[in-house]
Amino acid sequence: MTPFSPIQEQIARAVGLLRAGQVIGLPTETVYGLAGDAANPAALARIFSVKNRPTFDPLIVHAASFDKARSVVRGFSAVARRLAEAFWPGPLTLVLPKASWVPDLATAGLETVAVRVPSHPVALELLHSFDGFLAAPSANKFGKLSPTTADAVREGLGEEVPLVIDGGSCEKGLESTIIGFDREKPVCLRLGALSLEQIAQTLGHEILVPGQFDPRLAPGNLPAHYAPHTRLEIFEPGKEGALPDHLPREQIAVVSFSSAIKPGFARGIRLSEKADLNEAATGFFAALRECDRSGAKLIIVEKFPEIGLGRALNDRLQKAAHSFVI
Ligand code: TXA
Ligand code: MG
């Protein structure tokens, strides 16, 4: 990057806005975030109001490095340290006892704080230039689809955000995996872009995944979430024909993991011809967004295999479908 390239200018502008307590759209490797100064309660309040997010739902604090992340928490246990060293910078969020300076609004009054070091070069550079910490939830209205491009952020939040830094399409396309600790034992609080298999490999054992929809464990991890506006149903692999006969095909949009899609649907998006879950995750939210815009009355999505990122994708799908269960 040259010193005066547009991205540098955007970062410089962002630093000015953040110092003034404003919020900005921030690219990360997972999804775009709506970022504000984590130490400034007025900026945090702005994040909640732009998102229409309930204040019982705590935020993730982003740090420039593992070393910097140390001052957000009261300390890293040996196992937390092992995970941080293995996966930071990257799509892993750790929930640990909070340092006293972290405002209550960031943690929804909890004694713990969620922290991560993102790997997107623009996010890292901004964190270094800002020389502080950024609280950032996904940059969408509460309960809606997470944005994976700068355009999707502008479309969802528009005028309310003075700057969306354009860092291209997100490499992962799914939010970070959140790990909390029951004493020393790691517990998965949200499935995400880092697979449980990768974590188990590093630790040498499987980790606990408590009941998916237990809001006491991960506040904000609600059953209905990540929803498009259009009704969504899930179908078993290859069974799209078995779905609603009350609607003609041209009123249905289909998203398949890897199966070929029959002609005649309003939209047909095949996420990964070679059945690669990473590739599917990258395009997942963008596909739902495109189907949502297609004018179809129903979106049907093929269930993913329950391995690797497939588990996180199925979790998002169930939440999207749940919003329409009456
Ligand atoms: O990939 C990501 O994690 C993105 C990017 C922007 O970094 N951010 C993101 O943030 O997904 P958000 O706000 O959509 O999700 C934050 C979730 C909360 O809903 C809650 O489930 C969990 O993190 N969380 C935060 N603080 C917590 C705490 N102290 N204890 C338990 N869960 C917490
Ligand atoms: Mg979110």
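Tell me, please, whether a residue that is farther than 17 Å from SER119 by Cα, within 16 Å of ligand 2 (Cβ to nearest atom), out of contact with any Lys or Arg (no Cβ under 9 Å at 6 or more places or on another chain) and assigned to a helix (DSSP H, G or I) can be found in region 17-35. No, that holds for no residue. Hey, among the residues in region 90-104 that are part of a strand (DSSP E or B) and aliphatic (A, V, I, L, M), which one's farthest from GLU29 (Cα to Cα)? Restricting to residues being part of a strand (DSSP E or B) and aliphatic (A, V, I, L, M), the top hit is LEU96. Inspect region 135-153 for any residue being over 16 Å from the mean Cα position of the chain (by Cα) and touching a residue at least 24 places away in the same chain (Cβ under 8 Å) and give the result as yes or no. Among the residues of region 135-153, not one is over 16 Å from the mean Cα position of the chain (by Cα) and touching a residue at least 24 places away in the same chain (Cβ under 8 Å), which makes the answer no. I'd like to verify a number: residues in region 24-49 that are more than 17 Å from LEU124 (Cα to Cα) and either touching a His at 6+ places or on another chain (Cβ under 6 Å) or crowded, with 18+ Cβ neighbours inside 10 Å (or both), how many? Of the residues in region 24-49, 6 are more than 17 Å from LEU124 (Cα to Cα) and either touching a His at 6+ places or on another chain (Cβ under 6 Å) or crowded, with 18+ Cβ neighbours inside 10 Å (or both).
Can we say GLY156 is at pLDDT 90 or above, buried (at least 17 other Cβ atoms within 10 Å of the Cβ), assigned to a strand (DSSP E or B) and within 16 Å of ligand 1 (Cβ to nearest atom)? Criteria not met by GLY156. Residue count for region 173-201 under the criterion of being at pLDDT 95 or above and surrounded by fewer than 14 Cβ atoms within 10 Å (Cβ to Cβ): the result is 3. Would you check if there is a residue in region 142-149 being in a strand (DSSP E or B) and either within 13 Å of ligand 1 (Cβ to nearest atom) or not hydrophobic (A, V, I, L, M, F, W, C) (or both)? Yes. Taking region 4-32, which residues are more than 15 Å from ligand 1 (Cβ to nearest atom) and hydroxyl-bearing (Ser, Thr, Tyr)? Result: SER5, single match. Are any of the residues in region 119-134 in contact with a strand residue (DSSP E or B) (Cβ under 9 Å, 6 or more places away or on another chain) and open to solvent by 30 Å² or more (accessible area, probe 1.4 Å)? Yes, the conditions are met somewhere in region 119-134.
Mind checking whether some residue in region 67-85 is on the phi < 0 side of the Ramachandran plot, within 16 Å of ligand 2 (Cβ to nearest atom), outside any strand (DSSP E or B) and not aromatic (Phe, Trp, Tyr)? Checking region 67-85: not a single residue is on the phi < 0 side of the Ramachandran plot, within 16 Å of ligand 2 (Cβ to nearest atom), outside any strand (DSSP E or B) and not aromatic (Phe, Trp, Tyr).
The values are calculated or read from the model by the stated rules, or taken from the named source; none is laboratory data. All of these numbers come straight from a predicted model, not from anything done at the bench. Using ideal geometry, Cβ is built from the backbone for each residue, glycine included, and neighbour counts are taken over all protein chains shown. Accessible surface is based on the protein model in full, side chains and every heavy atom, while ligands, DNA and RNA are left aside. Shrake-Rupley method; radii C 1.70, N 1.55, O 1.52, S 1.80 Å.
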